[in-house]
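Trainee: Got a structure for you, written out below as structure tokens; questions coming shortly.
The values are calculated or read from the model by the stated rules, or taken from the named source; none is laboratory data. Owing to the predicted nature of the structure, the values given are computational and were not obtained by experimental measurement. Positions of Cβ are generated from backbone atoms using ideal geometry, with glycine treated the same way; all protein chains shown enter the neighbour counts. Ligands, DNA and RNA are excluded from the accessible area calculation, which covers all protein heavy atoms including side chains. Shrake-Rupley method; radii C 1.70, N 1.55, O 1.52, S 1.80 Å.
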Amino acid sequence: MADGNDGQRFDRLPATEADRTVDGRATRAEVIDLFADRFGIPPRIFDDYTFWEKGAGKIWIYGGDAPSPIEIEAIGMTCLRTRQEHWKPTTDFVQRFGTHATDCVIELDREQARRFASGEDQDLERWDGDWGYLIAAHEVAGQREPIGVGLYVHGELRSMVPKGRQRDLES
Amino acid sequence: MGGSPLIQSLPGASKPTNASHSNPEQMEPLERYRPIIDDFDAFLAACERPLGNAVRVNTIKATVERTLAALEREGIGYEQADWNSRVLDLETDSPGSTWTSFHGFTHGQEEVSAVPPVVLDPEPGERVWDCCAAPGGKATQIAALMDDRGTVVANDNNLGRISALRFNAERLGATSLAVTNADARNYSLERFEFDEFDRTLVDAPCSCEGTIRKNPDALDNWSEGHISSVAGIQKGIIRRAIQATREGGTVVYSTCTFAPEENEAIVQHALDTESCRVVDFDLALEHSPGLTAWEDDEFDSSLEKAARIYPHQNDTGGFFVAKLEVTA
């Protein structure tokens, strides 16, 4: 069991590739690099956090104490889906840490934000940045606030807000 | 006993009484508390009124100031509780369908339900156990009081309720929570690297009499037999909580019920069987002292340091809170 990925327990991510013992498991360095390279989130933000995998590719971020491996229900919050071509951050991670992002953040106006939160896809031709997963944000009380993850392709912003988190809100 | 009456005029209190709400017959089980509650008629009248929509500001995601600005921008009126600036009463019928809720700036949580974590008073970096944590309002409040730094073990024995706990923890951005599914009465710390907690909250399963304003059917299946069986579980949980907490550490015991069998009698059982003492705490919310006698039972005089919060005192739900120090 020690060599494979076990869906029943959390295993702490290896620091780097040299420490990797489970095939296909992301490393801490890769996770932090992704957040830095794509979104400009400074790596130091994660100094006090550990990253864990449970199930194939689901990564969790945790700030407390725990030995590895550990069989519990949840450890901190889910932050990233790996083991697929494009790694996808979670809505809740983006809401919690996306305020530190400087790149690949698409700012929505009131009506666009409302549609995004309700789970609607929408045409947005004006984006001239990278395609792929973006942080959708809007202005709240004078500051930019992340709403969730969007997938931008072919002039369309697809809302990745999970069904249970979607809400019909006033614009 | 200190404290000022908090919200002077709740929106909920000015609404016409909902016809579907509780009727006097449903209140019958509460008659047994007539001898211990001052102004019992005001107590009964309060129990028959529906509650307002209280939320707690989640400071993991936003400051109180920013949350209030966001609410104003949304055109949602609010009233801040006098005793706690993070507790708000919202002038909306759907506090879960606001931008502030979507962003995790606010979490629907009854005003008195925000009391136990404040009494527990956890500090950043500590190890804290919330042994009956679902659906997670208090566990995430504990995390927020610790600036989301440290370890909050949020346990519940009910797997179904744990999904609600996990959903809330993620929406509120609590990264210090470790969620476990076990019976608190024989909880094992072997799964962690540490062998004791600094503080533990026992927000015990109870007969929920104090939630009558929120759940008009709360008293439908009331019986002394039910109280007696739930009291057995509460005794097991409080003992394990004290055993799992370090010497000098804090255990807070709370319920949302009035029954002394589930409150003072449980704390008395802890005093009789474990190494602990009841300690004072400040609570700037009107309340009554814990009882030192009920029917044929007498309790230690230190039980007066516990707090009984009745619905008519602050226009809230009912609650009991006691703070214990572990002495060995």
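Trainee: List every residue pair whose Cβ atoms lie under 9 Å apart, where the two residues are 6 or more positions apart in sequence or sit on different chains, the first residue falls within region B:176-193 and is more than 7 Å from chain A (Cβ to nearest Cβ), and the second residue, located anywhere, is among the charged types (D, E, K, R) and surrounded by 24 or more Cβ atoms within 10 Å (Cβ to Cβ).
Mentor: B:Ala182/B:Asp156; B:Ala184/B:Asp156
Trainee: Cβ-Cβ below 7 Å, separation at least six or inter-chain, first residue in region B:84-105 and away from chain A (no Cβ under 14 Å), second among the charged types (D, E, K, R): which pairs?
Mentor: Listed pairs, sorted by first residue: B:Arg86/B:Arg56; B:Val87/B:Arg56; B:Val87/B:Glu111; B:Leu88/B:Glu79; B:Asp89/B:Glu79.
Trainee: Something else: Just to be sure before I move on: is B:Val119 in contact (Cβ under 8 Å) with a residue 24 or more places away in the chain and in a helix (DSSP H, G or I) in the structure I sent? Before you say what the answer is, go through the steps one by one.
Mentor: Details: in contact (Cβ under 8 Å) with a residue 24 or more places away in the chain: yes; in a helix (DSSP H, G or I): yes.
Taking the combined requirement at face value, the residue satisfies it.
Trainee: Right, here's the next one. Within region A:133-157, work out how many residues are part of a strand (DSSP E or B) and surrounded by 15 or more Cβ atoms within 10 Å (Cβ to Cβ).
Mentor: Number of matching residues: 16.
Trainee: Looking only at strands (runs of 3 or more DSSP E) that lie completely in region B:226-316, which have at least 2 residues being over 19 Å from the mean Cα position of the chain (by Cα)?
Mentor: Per the criteria, B:245-255, B:276-279.
Rundown of residues vs (1) surrounded by fewer than 24 Cβ atoms within 10 Å (Cβ to Cβ); (2) in contact with a helix residue (DSSP H, G or I) (Cβ under 6 Å, 6 or more places away or on another chain), yes/no style:
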position: B:Ala143; (1), (2): no, no
position: B:Leu172; (1), (2): no, yes
position: B:Thr175; (1), (2): no, no
position: B:Ala218; (1), (2): yes, yes
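Trainee: Looking at region B:197-211, can you tell me whether even one residue there is surrounded by 19 or more Cβ atoms within 10 Å (Cβ to Cβ), more than 19 Å from the chain's Cα centre (by Cα), of a type outside the set (Ser, Thr, Tyr) and over 15 Å from B:Ile309 (Cα atoms)?
Mentor: yes
Trainee: Mind listing whichever residues of region B:289-311 are of a type in the set (Phe, Trp, Tyr) and within 24 Å of B:Val118 (Cα to Cα)?
Mentor: Once the filter is applied, which keeps residues that are of a type in the set (Phe, Trp, Tyr) and within 24 Å of B:Val118 (Cα to Cα), region B:289-311 yields only B:Tyr310.
Trainee: Contact list please: Cβ distance under 6 Å, first residue in region A:115-138 and within 14 Å of another protein chain (Cβ to nearest Cβ), second residue assigned to a helix (DSSP H, G or I), pairs at least six apart or on different chains.
Mentor: What qualifies is A:Ala117/B:Phe102; A:Ile135/A:Val94; A:Ile135/A:Gly98; A:Ala136/A:Phe116; A:His138/A:Ala113.
Trainee: Looking only at residues that are under 23 Å from the mean Cα position of the chain (by Cα) and more than 9 Å from chain A (Cβ to nearest Cβ) in region B:61-77, which one is surrounded by the fewest Cβ atoms within 10 Å (Cβ to Cβ)?
Mentor: That would be B:Thr63.
Trainee: OK, next. Being modelled with pLDDT of 95 or more and buried (at least 19 other Cβ atoms within 10 Å of the Cβ) narrows it down to one residue among A:Gln166, A:Gln112; which is it?
Mentor: Among A:Gln166, A:Gln112, only A:Gln112 is modelled with pLDDT of 95 or more and buried (at least 19 other Cβ atoms within 10 Å of the Cβ).
Trainee: For region B:1-105, which helices (runs of 4 or more DSSP H) that fit wholly inside it have 3 or more residues that are among the small types (Gly, Ala, Ser) and modelled with pLDDT of 95 or more?
Mentor: Values: elements: B:11-14, B:40-48, B:64-74, B:99-102.
Qualifying helices (runs of 4 or more DSSP H): B:40-48.
Trainee: Consider region A:70-98. How many of its residues are open to solvent by 70 Å² or more (accessible area, probe 1.4 Å) and at negative phi?
Mentor: Residues flagged as open to solvent by 70 Å² or more (accessible area, probe 1.4 Å) and at negative phi within region A:70-98 amount to 5.
Trainee: Filter region B:130-139 for residues that are in contact with a strand residue (DSSP E or B) (Cβ under 7 Å, 6 or more places away or on another chain) and either closer than 21 Å to B:Arg86 by Cα or within 12 Å of chain A (Cβ to nearest Cβ) (or both) and give the result.
Mentor: First pass over region B:130-139, keeping only residues in contact with a strand residue (DSSP E or B) (Cβ under 7 Å, 6 or more places away or on another chain): B:130-134, B:136-139.
Residues satisfying the conditions are B:Asp130, B:Ala133, B:Ala134, B:Gly136, B:Gly137, B:Lys138, B:Ala139.
Trainee: Still on this structure: Look at B:Ile242 and say whether it is aliphatic (A, V, I, L, M), over 30 Å from A:Thr91 (Cα atoms), away from chain A (no Cβ under 14 Å) and open to solvent by 50 Å² or more (accessible area, probe 1.4 Å).
Mentor: Criteria not met by B:Ile242.
Trainee: Can I ask one more? Among the residues of region B:78-88, are any open to solvent by less than 10 Å² (accessible area, probe 1.4 Å) and closer than 24 Å to A:Gln143 by Cα?
Mentor: Yes, region B:78-88 contains a residue that is open to solvent by less than 10 Å² (accessible area, probe 1.4 Å) and closer than 24 Å to A:Gln143 by Cα.
Trainee: Restricting attention to region A:40-50, and to residues there that are touching a Phe, Trp or Tyr at 6+ places or on another chain (Cβ under 7 Å) and within 13 Å of chain B (Cβ to nearest Cβ), which single residue is farthest from B:Ala164 (Cα to Cα)?
Mentor: A:Ile45
Trainee: Quick one: would you say B:Asn58 is away from chain A (no Cβ under 14 Å) and of a type outside the set (Gly, Ala, Ser)?
Mentor: No, not satisfied.
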